[in-house]
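**Student:** Got a structure here, written out as structure tokens. Questions coming.
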Amino acid sequence: MEDPKIVAERIIENIERVIIGKERELRLAVTALLCGGHMLIEDVPGVGKTMLARAIAISTGCTFKRIQFTPDLLPSDVTGVSIYNQKEGDFEFREGPIIAQVVLADEINRATPKTQSALLEAMEERQVTVDGVTHKLPAPFMVMATQNPIEYEGTFPLPEAQLDRFLVRIHLGYPSKTDEILVLDAQQTTHPVDAIRQVTDANEIVQLQRAVKEIYVDPLIKQYIVEITNATREHEAVYLGASPRGSLAMFRTSQARALLEGRDFVTPDDVKELALVTLGHRIIMSPGAKVKGTTVADVISSCMSRVSVPGARARA
């Protein structure tokens, strides 16, 4: 296989032709892809959430499906349904849009909790069960969900079990004035997403995901990750801290970041860089902290300041 860093950089450069001026966010998106995890994009309309998902699918040659979540969407509209075939005299499975390699769950918080829960099995176990029959999902598999953090009317907040299954949560944010002018120039005649081409394939992505798992993580780094996660559970401003899945998310994304940086080992800086995006959506603030205006970012910053950073140590 080609050098993993070169392949990953090629994907990022290709997506940058569509999403301009958001290199850090694009790196986080590719990090989630390399980890085999799912991503929640929380931002206002019109900043490129849908285009990011399409660009990732095109760049990697993966199959792409979009689910527009609405209050009347049913679980069977997501997973698929068994239909009786009169000619064959038997039921046949008509697969839903969840059976794809890159799935965009657009405005996920507009669907009812019953429909949202249809994603749980797919996201965690990479399979869906319909009428007692289990159907495996293709590899790689990634759910990219979007939601508007401003508009709450007619929405259903994601339950903690659902949020916990997202590896990272990112915010694209508005572009700078200079970048916004570049966006206007890029879309003057056609949309750049129609011009980008595939730069890798699904098999190579699966190999990259295996390469991420081979990145060395020192025991002291593992202890550092667990202590940060545990600090969120003991923080006075937190009602419910991050779960062990949060530790695993920090662990895996740190490996992917090291690979993107061209290293075969994880450093404390990798953990620091990814603490907020991996733990932020897993923490529930206490009512008193909300009144005082304390944010999740404040809590994670406080937790990291309370945990000592591992010193230099020879690799095993």
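**Student:** If you plug each phi of the stretch 126-142 into the Karplus form 6.51 cos²θ - 1.76 cosθ + 1.60 with θ = phi - 60°, what whole-Hz ³J(HN,Hα) values come out, in order, with x for Gly and Pro?
**Tutor:** With the stated coefficients, the stretch 126-142 comes to 6, 7, 10, 10, 10, 6, x, 10, 8, 10, 6, 8, x, 10, x, 10, 9 Hz.
**Student:** Tilt of helix 49-60 relative to the longest C-alpha principal axis of the chain, in degrees (0 to 90, nearest 10)?
**Tutor:** 80 degrees
**Student:** Across the chain, where is the longest run that never hits trypsin sites (Lys or Arg not before Pro) in a DSSP loop with at most 16 other C-beta atoms within 10 Å?
**Tutor:** The segment 127-196 is the longest one with no such site.
**Student:** Of Val238, Thr129, His191, which is farthest on the positive side of the dipole of the chain, counting Cα position, with +1 on Lys and Arg Cβ, -1 on Asp and Glu Cβ, and the Cα centre as origin?
**Tutor:** It is Val238.
**Student:** Also: Roughly how far apart, in whole Å, are the Cα centres of the stretch 248-301 and the stretch 67-144?
**Tutor:** Result: 30 Å between the Cα centres.
**Student:** Given the chain, what percent of its DSSP beta bridges are antiparallel, to the nearest 5?
**Tutor:** 40 percent
**Student:** How large is the dipole of the stretch 48-147 about the Cα centre if only Lys and Arg carry +1 and Asp and Glu carry -1, each at its Cβ, rounded to the nearest 20 debye?
**Tutor:** Value, rounded to 20: 400 debye.
**Student:** With +1 assigned to the C-beta of every Lys and Arg and -1 to the C-beta of every Asp and Glu, and no other charges, what is the dipole magnitude of the stretch 215-306 about the Cα centre in debye, to the nearest 20?
**Tutor:** Charge dipole of the stretch 215-306: 320 debye, to the nearest 20.
**Student:** Next question, about the same structure. Treat every Asp and Glu Cβ in the chain as -1 and every Lys and Arg Cβ as +1, leave all other atoms uncharged, and give the resulting dipole magnitude about the Cα centre to the nearest 20 debye.
**Tutor:** Charge dipole of the chain: 620 debye, to the nearest 20.
**Student:** So what's the gap between the Cα centers of the stretch 198-213 and the stretch 167-183, to the nearest angstrom?
**Tutor:** Each part reduced to its Cα centre gives a spacing of 26 Å.
**Student:** Listing Asp185, Asp77, Asp269 from the residue with the fewest other Cβ atoms within 10 Å to the one with the most, what is the order?
**Tutor:** Going from sparsest to densest Cβ surroundings: Asp185, Asp269, Asp77.
**Student:** Right, here's the next one. Equivalent ellipsoid semi-axes for the stretch 194-257, as square roots of 5 times the alpha carbon gyration tensor eigenvalues: give them largest first, rounded to whole Å.
**Tutor:** The answer is 33, 17, 8 Å, longest axis first.
**Student:** Work from the charge dipole of the chain (Cβ charges, +1 for Lys and Arg, -1 for Asp and Glu, about the Cα centre) and give the residue of Gly293, Met51, Pro75 farthest towards its positive end.
**Tutor:** Gly293
**Student:** Against the longest principal axis of the chain, how steep is helix 244-260, in degrees 0 to 90 to the nearest 10, with axes from Cα atoms?
**Tutor:** Between helix and principal axis, roughly 90 degrees.
**Student:** Okay, next question. Any idea how far apart Glu236 and Asp72 come out in nm if each label point goes 7 Å out from Cα toward Cβ?
**Tutor:** Here the modelled spin labels are 5.2 nm apart.
**Student:** Work from the charge dipole of the chain (Cβ charges, +1 for Lys and Arg, -1 for Asp and Glu, about the Cα centre) and give the residue of Thr112, Gln207, Ala256 farthest towards its positive end.
**Tutor:** In the chain, that residue is Ala256.
**Student:** Treating cross-link reach as a plain straight distance, find the aspartates and glutamates whose alpha-carbon is under 15 Å from the alpha-carbon of Lys290, omitting any fewer than eight places away in the same chain.
**Tutor:** Cross-link targets: Glu236, Asp298.
**Student:** Further question: From the phi angles alone, apply the Karplus equation (6.51, -1.76, 1.60; θ = phi - 60°) to the stretch 191-196 and give each ³J(HN,Hα) in whole Hz, x where the residue is Gly or Pro.
**Tutor:** 7, x, 5, 7, 9, 6
**Student:** Return the aspartates and glutamates within reach of Lys222: Cα separation strictly under 16 angstrom, same-chain partners fewer than 8 residues apart disregarded; answer none if there are no such residues.
**Tutor:** Glu214, Asp264, Asp269, Asp270, Glu273
**Student:** Figure the gain on full extension for Lys87 and Glu125 (residue separation times 0.36 nm, minus the Cα-Cα span) and round it to one decimal in nm.
**Tutor:** Once the chain is fully extended between Lys87 and Glu125, it gains 10.3 nm.
**Student:** Right, here's the next one. What pairs in Lys136/Lys272; Lys136/Lys213; Lys22/Lys272; Lys213/Lys272; Lys22/Lys65 have C-alpha atoms more than 27 Å from each other?
**Tutor:** Distance filter (> 27 Å) returns Lys136/Lys272.
Taken together, the values in this text are just the output of simple stated rules run on the coordinates, not laboratory data. Here the structure is a predicted model, which means the values were calculated and not measured. All Cβ positions, glycine included, derive from the backbone under ideal geometry; neighbour counts span all protein chains shown.
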